[in-house]
1. Filter region 167-190 down to the residues that are polar (S, T, N, Q) and within 29 Å of K299 (Cα to Cα) and list them by number.
2. From the set of residues in region 361-388 that are outside any helix (DSSP H, G or I) and surrounded by fewer than 14 Cβ atoms within 10 Å (Cβ to Cβ), which is modelled with the highest pLDDT?
3. Mind counting the residues in region 87-124 that are surrounded by fewer than 14 Cβ atoms within 10 Å (Cβ to Cβ), farther than 30 Å from S18 by Cα and either at pLDDT below 90 or among the small types (G, A, S) (or both)?
4. Quick check, is A76 surrounded by fewer than 16 Cβ atoms within 10 Å (Cβ to Cβ), of a type in the set (G, A, S), touching a Lys or Arg at 6+ places or on another chain (Cβ under 9 Å) and closer than 26 Å to K349 by Cβ?
5. Determine whether region 324-331 contains at least one residue that is modelled with pLDDT of 95 or more and either surrounded by 18 or more Cβ atoms within 10 Å (Cβ to Cβ) or assigned by TED's automatic domain parsing to the domain that holds A382 (or both).
6. Read through the list (1) at pLDDT 95 or above; (2) not assigned by TED's automatic domain parsing to the domain that holds S341, then give the number of the only condition that N219 fails.
7. Could you tell me which residue of region 213-229 is farthest from the chain's Cα centre (by Cα), considering only residues that are surrounded by fewer than 23 Cβ atoms within 10 Å (Cβ to Cβ) and under 21 Å from A256 (Cβ atoms)?
8. Just give me the residues in region 16-50 being surrounded by 14 or more Cβ atoms within 10 Å (Cβ to Cβ), assigned to a loop (DSSP other than H, G, I, E, B) and out of contact with any strand residue (DSSP E or B) (no Cβ under 8 Å at 6 or more places or on another chain), in sequence order.
Amino acid sequence: MEKIIDFTTIEQRILALSSYLKDIKVSLRDGVLFARMYPDFEALQRAKIINIKEELRWYAIELYNLEAEENAKIRAFEIIHPALELDENDASKDEIYQKLISFLHTHSKAALAFTSHLELDLGLDSIDYVELFIFIEESFGVVVDERNFASMMHVNELYSYIKAHHTQIQNAVKNLETVLQEPIKEKLLYSPFIMFLYKIVLFPLFKLYFRLEVSGEQNLPKGACIIAPSHQSMLDGFLIESSLPYAILKNTFFLAYKNVFGTKLLKPISDHGQTILIDANENLKHTLQYLALPLQEEKNLVIFPEGARTRDRKLLEFRPFFAMLAKIYNLPVVPVMIDGSFEALGSGKSFPKPKKIRVHYLEPIVPDGLSVSEIVEKTTEAIANEIRERGVYTK
């Protein structure tokens with residue numbers, strides 16, 4: 001007998017998990033559980049959270065899914081926001097508004113309205129925001145304070161801010177590509193001896209405990225490259241550290257999120273592990289410039305294109321920043337299939353199980369003649385095909 005789903009209990013549980021939700025309505029849609037979420041935009045603004053969808057996905061929906069039975073998991077959701085009652089008639093005649101709308105049209109295929117939300121309606125992400133900040137500064141002489149950006153996430157709010165603070169109206173000269181190649185004050189912290197210690201300790205440990213199998217090292221270029229692994233668990237960065245040949249590892253930097261590797265437990269490791277910590281909600285432009293430093297110095301950079309660990313073994317959508325860097329610096333991308341770390345230490349688990357893990361370095365993808373989207377597509381396909389051929393999991 002099929003168990004009856006208690007929608008009210010599910011709604012109350014998800015509301016208890018997130019302080020950024022005012023309400024949530026769960027229903028059946030096309031045979032699966034669907035959630036309509038009503039965020040507390042004031043709370044999000046106070047917390048300076050601009051990646052609203054990701055925040056609610058991972059720290060509300062997916063946290064709930066980790067503990068829910070299979071038939072009670074939320075499979076799809078949408079975020080609802082109130083339309084702002086402002087008139088765009090005057091704005092539509094303004095050159096500032098016309099330039100802003102033109103820019104947004106080049107970054108979003110969604111229907112654009114005066115009250116559109118930059119993320120929830122137009123689908124902009126962190127990289128788009130950096131490009132937007134550069135465009136606004138170049139075109140209107142306005143430096144967007146990212147600490148306050150959460151309060152101008154609707155088109156009309158952003159327009160009003162630019163209108164009130166602009167000092168010029170001109171065509172932008174710089175873009176993200178030129179900004180990423182500009183020098184910054186920070187210097188990379190090299191820790192070759194520490195990286196050597198990590199490798200000689202981790203590799204035999206992983207070999208013994210996880211029966212670690214590494215293959216495809218011959219596909220790693222002699223020169224600088226971007227290493228793009230699939231992401232199954234918290235073990236993955238350490239698996240790459242342990243499996244890379246030392247000659248490559250000592251010249252390799254890792255991208256990691258500050259909210260995970262900036263904690264008291266993991267910060268000592270990241271501080272001395274050639275790790276670049278980023279926060280997707282603050283100082284985005286400078287963060288991306290800092291992240292590009294290894295490539296400017298012709299070193300390697302490890303980026304997990306999915307941006308988050310899988311919660312169900314399936315590949316997540318690959319974000320394009322790694323491909324953009326590959327295109328800008330004309331560096332090959334080495335896709336990496338990691339398999340088994342989900343079983344060893346999946347989301348919600350605190351101690352790894354002795355499950356077999358495989359790390360396979362695939363043939364590099366050379367960016368010559370490829371667009372950013374084509375690099376993303378080829379990287380995704382390479383990993384997905386390897387997964388299918390090995391009979392593990394599918395996208």
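1. Residues of region 167-190 polar (S, T, N, Q): 167-168, 170-171, 175, 178, 181.
N175, T178, Q181, listed by residue number.
2. Restricting attention to region 361-388, the residues satisfying the condition of being outside any helix (DSSP H, G or I) are 361-371.
After this cut, where a residue has to be surrounded by fewer than 14 Cβ atoms within 10 Å (Cβ to Cβ) as well, the list is 363, 368-369, 371.
On the way: E363: 97, D368: 91, G369: 88, S371: 90.
Only one residue fits best here, namely E363.
3. Number satisfying all stated conditions: 6.
4. On the way: surrounded by fewer than 16 Cβ atoms within 10 Å (Cβ to Cβ): yes; of a type in the set (G, A, S): yes; touching a Lys or Arg at 6+ places or on another chain (Cβ under 9 Å): yes; closer than 26 Å to K349 by Cβ: yes.
Yes, satisfied.
5. Step one: filter region 324-331 for residues modelled with pLDDT of 95 or more, giving 331.
Subsequent filtering for residues that are either surrounded by 18 or more Cβ atoms within 10 Å (Cβ to Cβ) or assigned by TED's automatic domain parsing to the domain that holds A382 (or both) retains 331.
Checking region 324-331: at least one residue is modelled with pLDDT of 95 or more and either surrounded by 18 or more Cβ atoms within 10 Å (Cβ to Cβ) or assigned by TED's automatic domain parsing to the domain that holds A382 (or both).
6. Of the numbered conditions (1) at pLDDT 95 or above; (2) not assigned by TED's automatic domain parsing to the domain that holds S341, the odd one out for N219 is (2).
7. Step one: list which residues in region 213-229 are surrounded by fewer than 23 Cβ atoms within 10 Å (Cβ to Cβ), which gives 213-224.
Those still in the list that are under 21 Å from A256 (Cβ atoms) too: 220, 224.
On the way: L220: 24, A224: 22 Å.
Per the stated criteria, the residue is L220.
8. S18, A47, K48, I49, I50
The values are calculated or read from the model by the stated rules, or taken from the named source; none is laboratory data. Bear in mind the structure is a predicted one, so any value in this text is a computation, not a measurement. Note that we place each Cβ from the backbone using ideal geometry, even for glycine, and neighbour counts take in every protein chain shown.
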